[in-house]
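Q: Submitted below is the structure of interest, expressed as structure tokens.
Every number in this text was worked out from the coordinates using simple rules, so none of it is lab data. A quick note: this is a predicted structure, and the numbers were derived from the prediction, not measured. Cβ: placed from backbone, ideal geometry, glycine included. Neighbour counts: every protein chain shown.
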Amino acid sequence: MDDKAMYYCNNERYGMYGGDWKGHVLPGTAFLVWGLHWLNGSLQRYYSSKPEEYRSLGYYGLSSSLPWPIEGVIKIVLTILGSFLELTWQKENGYARVICKPGTAREGHLNGKTVHNWQHFASYPGFFVSGVVDFLYYYTQASLPQDGEKVFLGLAFFNEGLIMLLHKKHDPLDVLLHQTLGYVMVATALSVWAEVVWPRSFTATLCRAGTIMGQGVILWIIATLIRGEYLIAWDQSYKDDQVPAQYAAVIIVQGILGLQCLFAVLAAMSSLRTRASPTPERGPGQ
């Protein structure tokens, strides 16, 4: 018998479980779209300004003519919706009760059936706060510390990365997937904070867009493996079997390679655009 498990309030013992296909595809798609939005917005800003005038933003509008912080709206709306679904959707009595209620076999103990919902929920408030800060900076920018919106955005990503790294798993495949995702989330936070330190570095901006798209790729990979969880190739019945984790690492690297190819294509397109519309000569470090 496996030595690690989740105990529900009725004292039933279950193995460690993960999220479902939709629970990984939806955020994965959101991160991919968000990264492309950042990349598009930063490219427009970089090539429409003189090199010495470029400065990265914590959020981007739909276009240069529509700078309104649509990202703030999306962050606020999606975190509220995500929190509602995590804590109420298909839950007993309509709420993800974290403490087993009186009269149950595990009265007063933590409820193993809902603890992962609370872990997922814990990553949402940081993005909600970031969305609110986006609006504060859009309407009162002159009276607030410069680049503060990036500081809060970085904290949101660091928070979700910390949750993922502390998201205890024990099967080799689960450990690999969650740790890799956690590392990339922290890398996104570090990229955002690098833009605070070096706000004129377009390289830091590209790192931010690339790492958040990396989150999307890894979440899609996890969803694909979950959908094929009954295939013998990903069978985790043998808890000491390292083979699925070893090959999953190959798939992750291939996914990141796909991102590199995408960035190369976009860089080539940007280069062609630049040649068609010459920009002022760049100085060192630009």
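Q: Please work out whether region 7-271 counts as rounded, prolate or oblate from its C-alpha gyration tensor, where a ≥ b ≥ c are the square roots of the eigenvalues and a/c under 1.5 means rounded, while otherwise a/b larger than b/c means prolate and anything else oblate?
A: Since a/c reaches 1.5 but b/c is at least a/b, the shape of region 7-271 is classed as oblate.
Q: Would you mind counting up the charge near Phe152? Only other residues with Cβ under 15 Å from its Cβ, with Lys and Arg at +1 and Asp and Glu at -1.
A: Around Phe152, the charge tally is -3.
Q: Pairs Lys113/Lys150; Lys91/Lys150; Lys22/Lys113: which exceed 29 Å Cα-Cα?
A: Lys113/Lys150; Lys91/Lys150
Q: Which of Leu206, Leu144 has the fewest other C-beta atoms within 10 Å, and how do the rest follow up to the most?
A: Leu144, Leu206
Q: Please arrange Trp220, Trp68 by counting, for each residue, the other beta carbons lying within 10 Å of its beta carbon, fewest first.
A: Trp68, Trp220
Q: Determine, for Asp240, Asp171, the number of other Cβ atoms within 10 Å of each Cβ, and report the residues in order from fewest to most.
A: Ordered from fewest to most neighbouring Cβ atoms within 10 Å, Asp240, Asp171 come out as Asp240, Asp171.
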